[in-house]
Structure formats: structure tokens, C-alpha cells
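Here is the structure we will look at, set down as C-alpha cells.
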Amino acid sequence: MSVARRIPLNPCDYLYFAHHDWLRRTVQSGNIAFMMIDAEGHPDPDDIKDALAAAMLAHPVTIAKLKISLARGRPYWCIPRSLPQAAQRAAEQAYCYDDLRTSNDWQARLDQLCLQRYAPDWDLAAGPQVRFEQYALPNDATRFCIRWPHLLMDAEGAQLFLWEIERRHPSDSGAQSPQGGGLPPEIAPDDDTIDVLADHAVTQRLRWFRRGFSLSSDRKDLQARPLFADADSKLTDFGLVYRNWNPEEVRQIQDNAKRTTPGGPALYARHLAACVIRALHRVYIEAGKETDAYLITLPLRVTLRDRHGNIRKKRPVPGNYLVSPTLCGRLDVVADKQALAADILHQLDAYRQADGDLVQWTLISAATHMRASWYPLLFQLPLGFETLSSGFSYYGEPIRSVRSLGGCKLTNVCGGGPLATPPGWNPTFSKFQDRLNLTMTWNRPAVPDDVANRYVDFIEQEILAQ
């Protein structure tokens, strides 16, 4: 397998790296994502570790070291020269196994181990860039957990990497050896970094760049006050709560969405966003906090096209190809669920008509011309960065969904990750087959546990309300 020894970060990765580094310096916490995978059965730990090594070998960015170019001051992934040996060593470092099948308090121990192994101060310069945990549980069940710095890949890339682990497991008839094996046609090589703007003229990019500073001009007079404003609070650990809704409840949620949300793209994501905003409103009222509006993100995949202008059907595992329009829940409409839903659709329609995804990508692409040491200045200058009221995201399954791991049928996949304070909390929805998940994380001590749990309760009430 031939791969470039230096792989640059794409513009979104560079932004996440700069933010990760800034957080490490200020609050001793990086931007680390995770994904939980539940399965039936107990796969052999040695086979899983070998499959992980094989997947790392096929995707060497996962074992790379992050370095900064001395000449240009930009970050890049440095790929080891002896890949087979490096992949085996990386798998040994990244993998851990715990057998909790005979533990009387296995659930408490599982929760404790998952929290203990959250490592906000990730050493990007050392590698490997993923960590993989396997927990054998009672009732013939296994939980896997994969963790990675967000700048490595997005949720779609993580799910593709899980699929690559499964492809290289001995239970898969097409499994590849840890010493080699090609990529499936659905996945591009790690060094095939997609240039999103490659087919657009410089004049068009300049128009998008100018347009970027006016995307949210219609709400410049609104004061969105965060509930937790202690940005300097050092992170001691984080809180974590899950909610999972079965197929019957999901059908009810979908019926609710169709009843209250105007038709159009991303209907269910828009419905969930409206429910989160209304839950925020209830939390603010209880806390006695006043604000003009509630701001949340809605991460979306940027439009990916090839050199001929066709929509790309594949991407590399590493890389974030995300943009994040900010949704605004104004105080004058938040009490009316249908009015709020209509306003969210209006905001997203305006975003699409303005080529908002390419506008945002143009802005973050322009920032990659700076040295990494200069980038944190952007977070301190009055350039229009909006203070969020809450995180929010919703993701489904990629084109090639993972259905088993270690030869065992998967029963659920969900994930999330903490955000800086403010806002300090981050509800993440994910869909797996006919189930819907909510993973809520929050920063301690900045966010009180009782308030975070109240927020989750309100979200659940909003999405299930008939």
C-alpha cells in the first residue's frame, strides 16, 4: 500500500485542531468525540485487536503523529515509515478489554470505566489517534467504545472505520490480513483529501468570502445570553446521560414531526432542533435567566463534488466535511411549536439559497493560510462568532452502514462529545436502524448535574409530546 507520508488537514480539520489546541491551553480539555456500539455475543478479544490493527494499517492517519510545518506553520499528519509494525504497536496501545460478565455491579463499573477513560488532554503529537474499548457484559452482550480527537474525522468517518474493522475480522469471509488488503470501492484512501472548492473560480470564492460575514446579519441585534458563562472553568470531568427510544416510540416521534413541522429536507432533524430549543426555553425559565433568543448549531455535510461537478459517492475515513449553520429560536416564537418549526425551515432555506455551506467552507479555507500559532487570535477577536445556548447535532447512518462487529450483530450505535463552556452541554441525536438515541454530555463543574438532567427530561417530553 502506497500512501503519502505527509497528509494535510482539510480546512474543517484545521479549524477543529486550532480549537482543540486552544481549549487544551485554556481549560485543559480538548475536543474528543466518542461512539458507543452495543452488540449481541462476545467476540474474541485477540481477533478484535488484530482486526483493529488491520484497519489502522489500511487507514494510517489513525496511527499518525500530528506535526506543525516549520516553514509554513500548518498542521499535518505524519505517517510512520514502517506501517505494519507501527499498526501492530498502535493497536496494542489503543485497545483495552474488560470482562464484566460476573460482576454484580457491572452497570456501575461500565459507566465508571467509560468516564475514567475519557481523556480530554489527548497527545496529538504521539498517536495513535483512536482508542478502542471492549466490554464483555452479562446476558450475552458486548459494548464497544471508540474515541478520537474530533479533528481526525466526523461521525460518518468513524462509522466507516468501524466497518473497516469488521471487514478485517476473521468472521468476515472477505476479511483482509493485518499485513495488507485493499480498500472497498465505497472508501477513498486516507491521502485523498477532498478539495471542496476545486471546481469553483476564484471570483466565485471571493463572492462567497464576502457573503460569509452577513450570513447571520438578520439577528445581529439579538442578545443570546448563555446559561453557563464560565469559560475559564477547568474541566474536572463530564456528565453523561443516554436516552434510547424503541421503534414504536420512534414512530410516534415521526408522527409528531409530520404534524408540527413543515415538509422539506431534514424534516426530523428540524423537528428535534425545535424540541431542543423549546426545552432550552423551559430550562432558562426555571433558572430565571433572560435572553432574546436561543442559538444552536445544526452540523451538516458540506456538498462534496468531484472534478467533473458530480456528487461524490465516497470519501476517505479521516477528515471532517462539516459545516454548521446556527439556528435561532427567537423568544417571540418559541412558545408556538409550529411557528418555531416554520421559522427554522425559513432559516435553513435562506442558508441553502445563499450557498451557506460553501460560504462557510470558503471562510474556513481562507483561515488555513494562517500559521497555527496565529489561529487562536480568531477566537478572541470580534469577528461575529456567536455564543451558543447549546450544542445540537443529528446524524444517521452512512451509505455503507455497519451492522456487525467482531461477527456479532449490532443492536445500537450512538455517540457524542463535550463542548466548551459556554454552552457547556451538547445533546447529540443519532439514528440506528429503527431506533433513536440521545447522548447528552456536559462539563463539570461548570454545568450542575441537576440542571443538565432537567434539560434532558424536557427534551424527552418535547419530542414525545402528542
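Read-outs: derived from the displayed coordinates by stated rules, not from any lab. Owing to the predicted nature of the structure, the values given are computational and were not obtained by experimental measurement. Here Cβ is always computed from backbone atoms with ideal geometry, including for glycine, and neighbour counts include all displayed protein chains.
Could you give the longest part of the chain that holds none of the GluC sites (Glu not before Pro) found in DSSP loops with at most 15 neighbouring Cβ atoms within 10 Å? Don't skip to the end; give the middle numbers.
Working: sites that count: GLU186, GLU290, GLU386.
Longest run free of exposed loop sites: 1-185.
May I ask for the net charge around CYS78, where only other residues with Cβ less than 9 Å from the Cβ of CYS78 are counted and Lys, Arg are +1 while Asp, Glu are -1?
With Lys, Arg at +1 and Asp, Glu at -1, the neighbours total +4.
Calculate for the chain the 222 nm mean residue ellipticity that helices alone would give, adding -39,500 (n - 2.57) per DSSP H run of length 4 or more and normalising by residue count, nearest 500 deg cm²/dmol. Spell out each step's value before the answer.
Numbers: 11 runs with 156 residues, N = 466.
Dividing the helical sum by the residues of the chain leaves -11000 deg cm²/dmol.
From Cα coordinates alone, what are the radius of gyration and Dmax values for the range 248-348 in angstrom?
Rg and Dmax of the range 248-348, Cα atoms, are 16.6, 55 Å.
For a quick check: with amide H placed at 1.01 Å from N, whose amide H comes under 5 Å from LEU405's, ignoring anything fewer than 5 positions away on the same chain?
For LEU405, the qualifying residues are LEU410.
When all alpha-carbon pairs of the chain are counted, what percent fall beyond 43 Å?
Numbers: 12034 of 108345 pairs.
When all Cα pairs of the chain are counted, 11 percent exceed 43 Å.
Give me the net charge of ALA126's neighbourhood, meaning all other residues with Cβ under 13 Å from the Cβ of ALA126; Lys, Arg count +1, Asp, Glu -1. Before the final figure, lay out each step's value.
Working: positive: LYS65, LYS67, ARG89, ARG131; negative: ASP121, ASP123.
With Lys, Arg at +1 and Asp, Glu at -1, the net is +2.
Provide the gained length on full extension for the span ASP332 to LEU222, in nm with one decimal, where the gain is 0.36 nm per separating residue minus the Cα-Cα distance. Intermediate results must be reported in sequence, preceding the final value.
Working: separation 110, 0.36 × 110 = 39.60 nm, distance 1.16 nm.
Gain in length upon complete extension: 38.4 nm.
Compute the FRET efficiency between HIS369 and ARG6 as 1/(1 + (r/R0)^6), taking r as their Cβ-Cβ distance and R0 = 25 Å, and round to the nearest 0.05. Display every interim value, and only then the final one.
Values: r = 18 Å, r/R0 = 0.71.
Using R0 = 25 Å, I get an efficiency of 0.90.
Averaged over every viewing direction, what's the projected area of the C-alpha convex hull for the range 6-188? Give it in nm², one decimal, please.
Numbers: hull surface 45.0 nm².
Average projection, Cα convex hull of the range 6-188: 11.3 nm².
Work out the length of the dipole vector of the range 6-188 about its Cα centre, built from +1 on the beta-carbon of each Lys and Arg and -1 on the beta-carbon of each Asp and Glu, and round it to the nearest 20 debye.
Numbers: 18 positive and 23 negative charges, 234 e Å.
Value, rounded to 20: 1120 debye.
Give me, ordered by chain and number, the residues 5 or more places off GLY319 or on other chains with an amide H under 5 Å from its own placed amide H.
Counting only residues 5 or more places away or on other chains, the set is MET153, ASP154.
Check cross-link reach from LYS409 to the lysines: straight Cα distance under 24 Å, and skip same-chain residues fewer than eight apart.
Partners found: LYS49, LYS431.
Taking the Cβ of each residue in LEU348, LEU378 as the centre, tally the other Cβ atoms inside 10 Å and list the residues starting with the fewest.
On the way: LEU348 21, LEU378 15.
Lowest count first: LEU378, LEU348.
If amide hydrogens are placed 1.01 Å from N in the peptide plane, which non-local residues have theirs closer than 5 Å to the one on TYR394?
Close amide H contacts, sequence-distant or interchain: PHE429.
From zero up to wherever the largest Cα-Cα distance of the range 330-466 sits, split into 10 Å bins and tell me the percent of pairs in each.
Calculated over all Cα pairs of the range 330-466, the distribution is 9, 24, 36, 25, 6, 0 percent.
Return a whole-number percent for the relative contact order of the range 225-307, with Cα pairs under 8 Å and 6 or more residues apart as the contact set.
Values: 21 pairs, mean separation 27.3, N = 83.
Worked out over the range 225-307, it gives 33 percent.
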